[in-house]
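Engineer: To start, I am sharing the structure in question, which I have written as structure tokens.
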Amino acid sequence: MVAAPLDPDAVLWSAPAEDRGERPLLVLLHGYGSHEGDLFGLVPHLPAEFVAAAVRAPLAPRFPMPGYSWFTIDGVESRDRDEVIASTETVWDWVDAVRGDAASVGLLGFSQGGVIALQMLRMRPRDAAFAVNLAGYAFPEPSAGDTELAQVRPPVFWGRGARDEVIPPRFVDHTAQWLPGHVDLSGRVYPDLAHSVSAEELADVRVFLEKQVAKRAG
């Protein structure tokens with residue numbers, strides 16, 4: 001399966017092309033039934049060193065769900081693996097085409113977007129500096145790059161709400177067991193948070209991102 005290319009006209013950039021230069025690129029990947037404008041609202045709360053680019057997923061969810069999706073959800077626990085892989089490849093194709101002189105590429109995804117962010121690391125473990133997974137999970141099937149990923153161990157922040165009733169528990173359990181063996185994991189469970197992002201979590205994400213900036217600078 002080959003997913004449609006990402007729509008370049010739908011990408012929201014935090015800086016015009018002439019101001020991007022060698023600044024690190026942060027790719028924002030929205031959740032199921034959402035759109036590129038969703039996570040772009042986080043940009044003012046993120047470190048200014050990054051050039052943020054919010055992209056639109058290539059698929060349309062099943063009617064009557066609005067917005068866009070990275071892969072089909074069929075029932076509570078069924079996920080389309082081929083679409084996951086195809087969307088992951090599509091985002092990497094877009095990154096390769098636009099990154100230019102960017103010092104690094106980081107990934108930040110919410111829910112489905114978090115799945116894609118981790119899958120991008122699994123597909124090309126050395127090509128992304130880090131990933132932020134908010135209310136998402138690691139896709140519960142092996143990936144060809146998993147062995148290399150466990151050697152590279154890129155930094156990953158995983159944040160989720162204890163009251164999140166959207167992500168099936170078995171996906172959460174799998175992710176909690178899988179991540180520590182493959183990445184340099186940091187993260188937090190927020191007791192009063194449902195399937196969303198809180199100010200407290202956003203503050204933690206900012207700290208994580210600032211550490212990635214400092215690491216590159218050092």
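Engineer: With a 10 Å radius around each residue's Cβ, average the other Cβ atoms per peptide and rank 9-15, 83-89, highest first.
Structural biologist: The densest-packed peptide leads the list: 83-89, 9-15.
Engineer: Run through the DSSP bridge list for the chain and note the antiparallel percent, rounded to the nearest 5.
Structural biologist: 20 percent
Engineer: Whats the longest run of the chain with zero trypsin sites (Lys or Arg not before Pro) that are DSSP loop and have at most 16 other Cβ atoms within 10 Å?
Structural biologist: Formally, the longest exposed-site-free interval is 63-125.
Engineer: Taking the Cα-to-Cβ direction at Asp127 and at Thr147 and moving 7 Å from each Cα, how far apart do the two end points lie in nm?
Structural biologist: A separation of 2.0 nm, rounded to one decimal place.
Engineer: Moving on. Restricting to DSSP loop positions (anything but H, G, I, E, B) with no more than 16 other Cβ atoms inside 10 Å of their own Cβ, which GluC sites (Glu not before Pro) remain in the stretch 133-218?
Structural biologist: Glu165
Engineer: For the chain, return all DSSP H helices satisfying: extent of Cα atoms along own axis at least 18 Å; mean Kyte-Doolittle hydropathy at least -0.5.
Structural biologist: 81-98, 199-217
Engineer: What net charge is computed for the residues neighbouring Val189, neighbours being all others with C-beta under 15 Å from the C-beta of Val189, Lys and Arg scored +1, Asp and Glu -1?
Structural biologist: -4
Engineer: If I model a spin label at Ala214 and Glu200 as a point 7 Å from the Cα along the Cα→Cβ vector, what separation in nanometres do I get?
Structural biologist: Result: 2.3 nm between the two label points.
Engineer: Shifting gears a bit: Would you mind checking which residues have amide H under 5 Å from Ser34's amide H? H placed 1.01 Å from N; only 5 or more apart, or other chain.
Structural biologist: Here Tyr68 satisfy the definition.
Engineer: For the stretch 111-218, with all protein chains present and a 1.4 Å probe, just round the carbon and sulfur fraction of the accessible area to a whole percent.
Structural biologist: 51 percent
Engineer: For a quick check of your reading of the filter: which GluC sites (Glu not before Pro) in the stretch 1-81 sit in a DSSP loop and have no more than 15 other Cβ atoms within 10 Å?
Structural biologist: In loop regions of the stretch 1-81 (DSSP not H, G, I, E or B), the sparsely surrounded GluC sites (Glu not before Pro) are Glu22, Glu77.
Engineer: I'd like the distance between the alpha-carbon centres of the stretch 98-147 and the stretch 16-81, rounded to an integer number of Å.
Structural biologist: Cα centroid to Cα centroid, the span is 12 Å.
Engineer: Using only the Cα atoms of the stretch 82-194, what semi-axes does the equivalent ellipsoid have when each is the square root of 5 times a gyration tensor eigenvalue? Give whole Å, largest first.
Structural biologist: Semi-axes (√(5λ), whole Å): 23, 15, 14.
Engineer: Here's something else I'd like to know. Residues of the stretch 42-135: accessible area per residue at 1.4 Å, in Å²?
Structural biologist: It amounts to 37 Å² per residue over the stretch 42-135.
The values are calculated or read from the model by the stated rules, or taken from the named source; none is laboratory data. Remember, predicted model here, so these are calculated numbers, not experimental data. Reconstructed Cβ throughout: ideal geometry from the backbone, glycine too, with neighbour counts over all protein chains shown. Ligands, DNA and RNA are stripped out before the accessible areas are found, and what is left, the full protein with its side chains, is counted by its heavy atoms. Shrake-Rupley method; radii C 1.70, N 1.55, O 1.52, S 1.80 Å.
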